[in-house]
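Everything below concerns the one structure shown next.
The values are calculated or read from the model by the stated rules, or taken from the named source; none is laboratory data. The shown structure was predicted, so the numbers you read here are calculated from the model rather than taken from an experiment. Glycine gets a Cβ as well: all are built from the backbone with ideal geometry, and neighbour counts include every protein chain shown. Each accessible area value is taken on the protein alone, full model and side chains, heavy atoms only, with ligands, DNA and RNA left out. Shrake-Rupley method; radii C 1.70, N 1.55, O 1.52, S 1.80 Å.
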Amino acid sequence: MKMNIKVTGMELTPAIESHLHEKFSQVEKFLGSRGGNARAEIEVGKTTQHHKHGDIFRAEINLHSSGQHFYFDHTAEDLYAAIEIVKDGVIGEVKNSSEKRHTLLRRGGRKIKDMLRGINPWRK
């Protein structure tokens, strides 16, 4: 997975960069075979320069993987907490998308099986 990191309103330290790579590399295992050509645009930063307390750190991810787009953002008092919540949120979206795809495949298989049962000439 290719990661493009953008920082606004603050400086990108090696500690923040390694934390981002560590956390968002976990997303790749949930993408499965789609993870090889995935592209993640990650943005972290301060929302304002003058506040001393409150939600001032923001983390956001745009994830593009094999024709699908996932987006999640969050604002928190701590940068690392915001990153963790965004990681969990995008993993939830990826899992939900995968479960939807599997459900649709199973539903289609059930419909075909029901149609085949309906044309069985030996069944009365």
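With respect to the numbered conditions (1) surrounded by 15 or more Cβ atoms within 10 Å (Cβ to Cβ); (2) at pLDDT below 85, which one is the sole condition not fulfilled by Glu99?
The single condition Glu99 does not satisfy is (1).
For Arg101, work out the one condition from (1) in contact with a Lys or Arg (Cβ under 9 Å, 6 or more places away or on another chain); (2) assigned to a helix (DSSP H, G or I) it doesn't fulfil.
Arg101 satisfies all of (1) in contact with a Lys or Arg (Cβ under 9 Å, 6 or more places away or on another chain); (2) assigned to a helix (DSSP H, G or I) except (1).
Consider the range 13-31. How many of its residues are in contact (Cβ under 8 Å) with a residue 12 or more places away in the chain and either open to solvent by 50 Å² or more (accessible area, probe 1.4 Å) or of a type in the set (Asp, Glu) (or both)?
6
Among the residues of the range 40-90, which ones are surrounded by 13 or more Cβ atoms within 10 Å (Cβ to Cβ), outside any strand (DSSP E or B) and among the β-branched types (Val, Ile, Thr)? Talk me through it step by step, then tell me what you get.
Step one: of the range 40-90, the residues surrounded by 13 or more Cβ atoms within 10 Å (Cβ to Cβ) are 40-47, 55-65, 68, 70-76, 79-90.
Among the residues that remain, those that are also outside any strand (DSSP E or B) are: 47, 55-56, 79-90.
Within the range 40-90, Thr47, Ile56, Ile83, Ile85, Val86, Val90 meet the criteria.
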